[in-house]
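All of the numbers you see were taken from the coordinates with simple rules; none came from a lab. Computed from a prediction, not measured in an experiment: that's the story for all the values here. Here the Cβ positions follow ideal geometry from the backbone for every residue, glycine too, while neighbour counts run over all protein chains shown.
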Amino acid sequence: MVTAEGQGRGLAGGTALLLALAVLVGAAAGIGGYTFVYAEGLSYMSSDPKVCANCHIMQAQYDSWQKASHHHVAVCNDCHLPRGLVGKYVAKAVNGWNHSTAYTLQNFAEPIAIKPFNSGIVQDNCLACHRQLVEDAVMARGPAQEASCVHCHQSAGHGERAGLGGPRT
Amino acid sequence: MERSRLNAVTQRGVSATILLSALVVAAVVAVALTALLVNIFERKQEGKVTTTRLVEVTRDTTDPARWGVNWPKQYDAYKLTAQPTRTRFGGHGGSEALPQEKIDKDPWLKRMFLGYAFSIDYRDRRGHAYMLQDQENTQRQTKPQTGSCLHCHASVMPLYRKLGDGDAIKGFEMTYKISYQDLNRQLHEMGHGHTVTCADCHDPKTMQLIVTRPAFLQGIERLAGSAAPTPFAPSIERWRAAGRKAPYDPNAEASRNEMRTFVCAQCHIEYYCSSAMKLTAPWGKGLSVDQIEVFWNETRMPDGGRFLDYKHAETGAPILKAQHPEFELWSQGVHARSGVACADCHMPYARDGATKVSDHWVRSPLLNISRACQGCHKLPEDEIKARVDLIQTRNFELMQRGGVAITALMDAIVAARKGGASEQQLAAAQELQRKAQWRLDFIAAENSMGFHAPQEAARVLGEALDYARQGELAALRRGPAPAARVAHTNAAPALLPTAAAGKP
């Protein structure tokens, strides 16, 4: 009897805690879910270029891409994400984390500039399409010393920079 | 019995601890998620609502504080123009209230300006916030000054409209005859005693960039009507190609990018500003120093006499005084050719949360390199600074040589006159002083120490040096030296159209 009573009391205390936990987890999940939807979280799974300018930081890059020669053949993800399924989502996750923390904390250096990890991805994607054409010219020295395509072809993805004979409006 | 009791206790104890911890974690997660949600909400709002119009403003609202109610970010930055700023060659020495005299720092400037009020008081500049106050207080006001000066030192448009019965151009054309004191008193009585204000560059309804200053409107129309190529202003080339139908109107023709230069070019230009005729921007032949010189040489004073700003008190030379030809020098440089506007470097975009604000703290790009330069030039800040410094130092040193040369020329004319030379014998030397000083002053008065067009600035200084020394020789020889004839062949290189010109 003592035990039963004790167990009963214990269960009652445990039930209250469980209930509170359930409510809180539910609240967190609810708020989290809503935040995800409100922040258009699912859109980041897509390849729509507009998504990359969701937070406005990439607006200039988005605008300039529309004026670039590759506009008709490549969207953001074609150049800025690896081609393999795993690599693609790893890069999305890494960049997604970096960009969202930087934007939330507003603590990044400006003007924004591409970093080596993403530069490598871009280079691989240039070659994914153009490898045969540039094999002899660019890659003769081996993969470690190949020339960066965008070093010269800067305008391919984001248009002519003002002042280099580009659009003067 | 005993065993089951123990179990239950143990189970209870473990569950309670775990449950409590999980509870705390869940609570923290909920808090963090809520904070994130609010943060995202704020950013979204920033992106959506960039301005809130709380008070009505019109083109007659000259008090910038009232505009500041609607556009607080721009107004906050605008107010910062009261802050002292310094670069190696810009900004000012001396105290905050009384900047250093330029004419003390460079005595040759004072000597060049003898016979002109700038020899009395000519100080380093302060920011936009002080433009009216500093003009009201300069010692140059001890001499009679014309109302023309207010064209660029006050929010003067409502006064022009009042004087011209609604026609600002007509009102403006009356003001050169009115004294500065008189016109400034009217300005303050109307309640428009403010420095450059929002309505000078913005349409109060749409906030689109507009140009309002009459002298600029007339000047740019004159430039469009000329044959000079204008690679820095493609809309003029388009207007010409379209058959020059109606007079060129920048407010209708110019692109937004060009307007980001034109609004500044309303004032940061060379002009005639005295009481004999209206304020005039001398752009009828083009914008280079030589083309402006030709324009002035072909201009007649209202009495039919030769155009000059003043007669030099010591030498009697008929001097052209250069104002601050920033727009003109910029137009000759590579940035202008590349479509880079004044505001791109002097008012670069700054990100503020999810919005983009043009920095209304107008100042030297050297104080804001990351935003002003690095958007295009992917170089470390120190390297950019070093390159600019190199350009400016070279021009500064060349300019100081020019100061020595012009002083030698003035000495030679004074000595020749003392030695009995006739005015006729000195005429060639006086002409050469006009040419040399015009060029030297063009670069000295321009506020970039040559940076706006480095090679052009050096070319102009090189010519100034040559003319100054030719003038010195002419004074020594009591007549034109043989080399002086070369000086009159007008072989100055003119701007070439860009390759893009004429393309759709």
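What to note about this one:
- Per residue of peptide B:41-53, the mean number of Cβ atoms on other chains within 10 Å of the residue Cβ is 2.
- Normalised by the number of residues in region A:50-158, the mean separation of alpha-carbon contacts (under 8 Å, six or more apart) gives a relative contact order of 39 percent.
- Distance in nm between pseudo-label sites at residue B:424 and residue A:18 (7 Å out along the Cβ direction from Cα): 12.2
- For chain B, size of Cβ-based charge dipole, Lys and Arg +1, Asp and Glu -1, in debye: 760
- Counting only other chain Cβ atoms within 10 Å of each residue's Cβ, the peptide A:52-60 averages 3.
- Cysteines in chain B lacking a second Cys C-beta under 4.7 Å: B:149, B:198, B:201, B:273, B:345, B:373, B:376
- Helical runs assigned H by DSSP (4 residues or longer) give the protein assembly as shown a calculated mean residue ellipticity at 222 nm of -17000 deg cm²/dmol, each run adding -39500 (n - 2.57) before division by the residue total.
- Protection proxy ranking, highest mean first, for peptides A:40-50, B:112-122: B:112-122, A:40-50, where packing is the per-residue count of other beta-carbon atoms within 10 Å, averaged.
- Electrostatic bookkeeping for residue B:225 treats Lys and Arg as +1 and Asp and Glu as -1; over the other residues with beta carbon under 11 Å from its beta carbon, the sum is +3.
- Shape call, region B:50-152: gyration tensor on alpha carbons, a/c limit 1.5: oblate
- C-alpha long axis of helix B:454-477 to longest principal axis of chain B, angle in °: 20
- Ranked by how many other beta carbons lie within 10 Å on average, peptides B:15-22, A:84-91 from highest: B:15-22, A:84-91
- Subtracting the Cα-Cα distance of residue B:60 and residue B:300 from 0.36 nm times their residue separation leaves 82.8 nm of extension gain.
- Per-residue shielding of B:25-36, expressed as the average number of other chain Cβ atoms within 10 Å of the residue Cβ, stands at 6.
- Value in Å of the Kirkwood radius, where chain B supplies the Cα pairs that are averaged: 25.7
- When the protein assembly as shown is reduced to its Cα atoms, the Kirkwood hydrodynamic radius in Å: 29.9
- Rounded to the nearest 0.05, the FRET efficiency derived from the C-beta distance between residue A:78 and residue B:35 at R0 = 35 Å is 0.50.
- Taking the C-alpha atoms only, the angle from helix B:256-265 to the longest principal axis of chain B is near 50 degrees.
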